[in-house]
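Bear in mind these aren't lab numbers, they're just calculated from the coordinates by the rules spelled out. Worth saying up front: this structure is predicted, and the values here are computed from it rather than measured. Ideal geometry is used to build each Cβ from the backbone, glycine not excepted, and the neighbour counts take in all protein chains shown.
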Amino acid sequence: MSLGVSDPALAAAAPRGRGRPGLYLAVVLVAAVAAFAYHMRQAGIFACPADGYGEGRYLGYCQGSAYGDYDHGALWYGLEPETRAAAAAADVVLLGNSRLQFGLSTAALADWFAGAGASYYLLGFSHNENALFTAPLLADLHPSARAYVISVDKFFFDRPSSVAQEIQQGSPDTRSRYEGKRLWQGVHRAVCGALPALCGGQVSYFRDIGTGAWIMDGTEGIVPERIKFDRPVYDKASLAMMPQLIESAKAFLDGLDVDPSCVILTYIPSTQNNRILADELAAALGQEMIAPQGEGLVTIDGSHLQPASAETWSAAFLEAAGPRLRQCLDGGGAGAGSAS
């Protein structure tokens with residue numbers, strides 16, 4: 001009995017049958033690639049535009065749920081060494097959360113320091129970041145700052161942000177994810193730069209390596225809101241935290257290697273008006289609160305000043321804080337700050 005295929009029809013069908021597994025694998029591969037591309041477009045780095053890239057900038061944050069923060073890891077792990085070097089060498093370092101970053105990433109600030117012949121670095125972070133992350137980062141950077149500007153808005157709370165907590169736990173997996181985010185930025189810049197239509201409009205910001213300033217990109221979900229200063233919040237729960245806030249603030253300020261009068265406290269306006277708490281804290285520390293309210297200020301989202309309002313506010317802040325900053329930059333203390 002022959003084991004060969006003698007039926008012509010069977011002989012013709014055999015090669016087609018053997019080819020079907022390859023076709024199936026090809027279909028699966030195409031589907032997997034399409035699903036990955038869809039995921040990256042909806043939730044990954046391609047959910048954000050790439051217009052903010054430029055010489056000396058990196059993507060600090062993309063509001064795609066699968067990408068999110070890169071900025072914290074970039075500074076903490078030294079993934080952007082020029083950024084760390086610039087922060088360490090700056091004459092004035094500004095600390096706080098994202099409200100500080102948007103409120104002072106302005107031409108007014110750049111022009112003032114250019115006129116003073118001095119350098120500055122905006123070392124604020126997203127996620128309502130506070131001193132629990134910033135203090136050890138500064139200890140590692142060994143800054144040579146002659147003055148600090150600190151936005152006290154939630155800065156001395158004793159609750160770490162979720163991002164900082166994950167990083168400070170020291171897991172190797174966390175560092176590798178941040179390294180992966182850094183690598184994806186090259187692909188994002190190339191693809192979205194060539195074909196912008198392939199990328200989304202989720203909110204993102206880019207950090208300037210030389211000054212720390214943020215450049216915002218993306219408009220999805222942005223709803224401008226005007227600030228009303230006639231409704232300050234008397235937050236009893238926060239005021240009950242005052243002893244802890246004072247203790248945390250004193251410990252942090254004692255760790256700064258500058259004359260106490262060269263630490264300037266401020267508060268960036270927003271619709272979440274908790275200025276009362278900020279003033280109470282400054283008074284308890286024996287410090288002057290330099291934080292002009294301004295009129296007609298508008299936020300991009302209820303929380304962060306939009307560019308025109310940020311220019312207005314930062315100019316007013318520098319008018320008030322400028323004399324103290326100049327004295328500190330000239331090498332001397334500015335005199336004891338007085339509570340107001």
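Calculate, for ALA283 and SER176, the FRET efficiency according to 1/(1 + (r/R0)^6) with r their C-beta to C-beta distance and R0 51 Å; round to the nearest 0.05.
0.65
How large is ³J(HN,Hα) for each residue in the range 220-228, as worked out from phi by the Karplus curve 6.51 cos²θ - 1.76 cosθ + 1.60 (θ = phi - 60°), to whole Hz, x for Gly and Pro?
5, x, 7, 10, x, 9, 7, 8, 10
Just name one of ALA197, GLN169, GLY218: the one whose Cα is farthest towards the positive end of the charge dipole of the range 161-224 (beta-carbon charges, Lys/Arg +1, Asp/Glu -1).
Towards the positive end, the residue furthest out is GLN169.
May I ask for the distance between the Cα centers of the range 261-316 and the range 39-116, given as a whole number of Å?
Computed from Cα coordinates, the inter-centre distance equals 21 Å.
Ranked from highest to lowest mean number of other Cβ atoms within 10 Å per residue, what is the order of the peptides 141-150, 248-257?
141-150, 248-257
Would you order TYR53, TYR77, TYR67 from fewest to most other beta-carbon atoms within 10 Å of each residue's own beta-carbon?
Ascending Cβ contact count within 10 Å gives the list TYR77, TYR53, TYR67.
May I ask you to sort SER151, SER261 by Cβ crowding, counting other Cβ atoms within 10 Å and putting the fewest first?
With the sparsest Cβ surroundings first, the list reads SER261, SER151.
How would you rank ASP330, ASP259, going from fewest to most other Cβ atoms within 10 Å of each one's own Cβ?
Sorted ascending by nearby Cβ count, the order is ASP330, ASP259.
Please give every one of the lysines within straight-line cross-link reach of LYS154, meaning a C-alpha to C-alpha distance under 21 Å, and leave out same-chain neighbours fewer than 8 residues apart.
Hits, sequence-local ones excluded: LYS228, LYS236, LYS250.
Looking only at the range 205-219, which residues have a backbone nitrogen under 20 Å from a spot 7 Å from the Cα of VAL298 in the C-beta direction?
215-219
With r defined as the distance between the Cβ atoms of VAL191 and LYS228 and R0 fixed at 35 Å, what FRET efficiency is calculated, to the nearest 0.05?
My answer for the efficiency is 0.25.
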